[in-house]
There are 4 protein chains.
Amino acid sequence: MAKKILGVMGPGTNPTQNDLKNAYDLGHLSATMGFVTLTGGSKAGVMNEALKGAKDGGGDTIGILAFADKTLASDYADIVIVTAMGSARNNINILSCDIIVACGMEAGTLSEVALALKAKKKVILLNDNVKAKEFLEAIGKGEILVAQDFSHARKLIEQLVNNDQD
Amino acid sequence: MAKKILGVMGPGTNPTQNDLKNAYDLGHLSATMGFVTLTGGSKAGVMNEALKGAKDGGGDTIGILAFADKTLASDYADIVIVTAMGSARNNINILSCDIIVACGMEAGTLSEVALALKAKKKVILLNDNVKAKEFLEAIGKGEILVAQDFSHARKLIEQLVNNDQD
Amino acid sequence: MAKKILGVMGPGTNPTQNDLKNAYDLGHLSATMGFVTLTGGSKAGVMNEALKGAKDGGGDTIGILAFADKTLASDYADIVIVTAMGSARNNINILSCDIIVACGMEAGTLSEVALALKAKKKVILLNDNVKAKEFLEAIGKGEILVAQDFSHARKLIEQLVNNDQD
Amino acid sequence: MAKKILGVMGPGTNPTQNDLKNAYDLGHLSATMGFVTLTGGSKAGVMNEALKGAKDGGGDTIGILAFADKTLASDYADIVIVTAMGSARNNINILSCDIIVACGMEAGTLSEVALALKAKKKVILLNDNVKAKEFLEAIGKGEILVAQDFSHARKLIEQLVNNDQD
């Protein structure tokens, strides 16, 4: 049986300090809840912190690389999948996850939120960008769950897990 | 020498009447300006109208299909490229265009705008969604050009062409 | 209506002189038969020669790039599609063509022949590699058409066109 | 640190009995040698047997799906990666593995062998197809290691592991 995967999508470059802390906490939470944690696998930013949190929480981790060089993957990725297909790999990140959290916001993360909506998958939004939340909630038509902070994100994850088990 | 390509990204399903009219006009303009017109190639919505406008304007057209069945492509696509890779093909749409116009707004279109920003490519936004414009302009940091209407979009396209020739 | 596409698959590096001559002749034939000619779009080897032949024959041409930099495409590609997804783009080459000729033989070309067989598409094999022909004919189960030389390849293309029209 | 991945590539449909037995044994061996075992993730043929062998050997397993429906993955895949990109996913299989064994031979498997050669990665060939071995050994220029039987394949895997550690 396939293990459940929780994906943390977020900026590799220029994350906020808050994004990084949230990413670590999300990875840790994911591990303690029994999820495998998945990110884009880079050695930087939200991708790296989420995997680090998951490893510290005793969980398994996956990095889905956009590029070809496996040695550039995060040290916290147990499983490194090499796509070498640039941002087209963002769709694989989304399709592979059971629970998706967008932690922080930049162009790549936004593409992942949009690809999730296109695939009719729910996304938990955790960031400080008020306009992002307003716009995505409107376009998301019920698929976007806006988290006020990490503690709220945790509650939303637990709700999704419970709904899934009903 | 490669011909210049103008891409019109927009909803296949549930476009507004305004989106459809703009799509047709953009395709027609693209043709008369000498561009090859590219869309996602579906037989519906903005994708279909933009290609129809381009054919009526005497231009060449390309459809980059997300799916595998070439017979489902728009009748107005001269060249049909079959990717069979779902929404991951959105990145190919973006990378292949010299000028990108997002005409209308839904999840797939949003992913294309985001993938363009990720690739550091400019996007002209033409739609009636005020929140979309505000948010994307903010996240786009100069790469997002907001058009008030079709006539404004034409001016923005002409500016990009002129900048490119400088 | 979509134009018919003839694809010439073959080595970018280390083609034989015979491969290059055949590639040019195939591109030229494709153009005079009214096909759009498609290759992997590189500025080298079979890919470049086939596009050159097609342009000299007055035809339209497409290059589907494996890499991201459009300026590295063949000068003979009218339409340059940028995938930036490495060898995964080989599947797009195959799925997009109505007629496929493998001209020459190396690893990338072999992957294209195999992907065509997987997609249940016919492939005309034109090369000097006797073992390749024997093996691929056996694995291809009627989908592989072995051409003895260019003139034979032309007859096979004409047969496929006629079958298609029946 | 990324775990080492051993990939078993082979037919989902119409494998020989020998292919299936070899696939199971390869998965089991992979697990006992400490590898994570990767296949294309289908519920059938070599893909399924290799993952079953790996689970019986106490190992971790990954399935990289060509299609979109995660519920159709092999029950023996711990981690299911959803690409929904058809045969273009074959390149991801190849790029992600540290050791590659082609077990059996049909069009999809052949594409994977070819994509591995294109990426300059070694492939161990284990099948009963004499012509396949001769042809691929010739085109592979030292990257193709032909195994006479499972016991020989095991020795070749051990050699690759030892070379890697030097």
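The values are calculated or read from the model by the stated rules, or taken from the named source; none is laboratory data. Since we're looking at a predicted model, the values are computed, not measured. Note that we place each Cβ from the backbone using ideal geometry, even for glycine, and neighbour counts take in every protein chain shown. Ligands, DNA and RNA are stripped out before the accessible areas are found, and what is left, the full protein with its side chains, is counted by its heavy atoms. Shrake-Rupley method; radii C 1.70, N 1.55, O 1.52, S 1.80 Å.
Buried accessible surface for the A/B pair, both sides summed and rounded to the nearest 100, is 1900 Å² with a 1.4 Å probe. For the residues of B:136-148, the average number of beta carbons from a partner chain within 10 Å of their own beta carbon is 2. Rounded, prolate or oblate: which one fits region B:52-95, using the alpha carbon gyration tensor with axes a ≥ b ≥ c (rounded when a/c is under 1.5, else prolate when a/b beats b/c, else oblate)? Oblate, because a/c is 1.5 or more while a/b does not exceed b/c. A point 7 Å from Cα along Cα→Cβ stands in for D:K4, and the other copies hold the same point at 3.4, 5.3, 5.5 nm, listed in rising order.
Here region C:73-166 is treated with +1 on each Lys and Arg Cβ and -1 on each Asp and Glu Cβ, and its dipole about the Cα centre works out to around 340 debye. GNM on chain D, alpha-carbon springs under 10 angstrom: the most fluctuating residue among D:G57, D:G86, D:G40 is D:G86. A straight line joining the Cα centroids of region C:119-166 and region C:47-112 runs 19 Å. Efficiency by 1/(1 + (r/R0)^6): what FRET value for C:A68 and D:Q17, r their Cβ-Cβ distance, R0 = 41 Å, to the nearest 0.05? Result of the calculation: an efficiency of 0.35. Across region B:32-88, the relative contact order, built from alpha-carbon pairs under 8 Å that are at least six residues apart, equals 34 percent. Pairs of Cα atoms nearer than 8 Å and 6+ residues apart set the relative contact order; for chain A it is 20 percent.
Rounded to the nearest 20, the size of the Cβ-charge dipole of the protein assembly as shown about its Cα centre is 0 debye, with Lys and Arg at +1 and Asp and Glu at -1. The orientation-averaged projected area of the convex hull spanned by the Cα atoms of the protein assembly as shown comes to 28.0 nm².
For B:G40, neighbours were defined as the other residues whose beta-carbon sits under 11 Å from its Cβ, and their charges (Lys and Arg +1, Asp and Glu -1) total +1.
Checked against a 27 Å cut-off, the cross-linked pairs A:K141/C:K70; B:K122/C:K118; A:K131/A:K155; A:K118/B:K70; B:K3/B:K55; C:K52/C:K131 give Cα-Cα distances beyond that limit for A:K141/C:K70; B:K122/C:K118; C:K52/C:K131.
For D:V146, the residues 5 or more places off, or on other chains, whose built amide H falls under 5 Å of its own are D:L125. Here's the picture: charge each Lys and Arg Cβ at +1 and each Asp and Glu Cβ at -1 in chain A, and of A:N14, A:G45, A:I92 the one pushed furthest to the positive end of that dipole is A:I92. I need the shape label for region D:10-166. Rule: rounded when a/c is under 1.5, else prolate if a/b > b/c, else oblate, with a, b, c from the alpha carbon gyration tensor. In terms of gyration-tensor shape, rounded. Take each residue of peptide C:58-71, count the partner chain Cβ atoms within 10 Å of its Cβ, and average: the result is 2. Counts of other chain beta carbons within 10 angstrom of each beta carbon in peptide D:92-100 average 5. Counted residue by residue at 0.36 nm each, then reduced by the alpha carbon distance between them, the extension gain from B:D128 to B:K3 reaches 41.9 nm. Listed by chain and number, the aspartates and glutamates whose alpha-carbon sits under 15 Å from that of D:K43, ignoring those within fewer than 8 places in the same chain, are D:D69, D:D75, D:D78. Within chain A, the longest run free of trypsin sites (Lys or Arg not before Pro) that sit in a DSSP loop with at most 11 other Cβ atoms within 10 Å is A:1-119.
Relative to the Cα centre, the charge distribution of region D:1-155, modelled as +1 at Lys and Arg Cβ and -1 at Asp and Glu Cβ, gives a dipole magnitude of about 400 debye.
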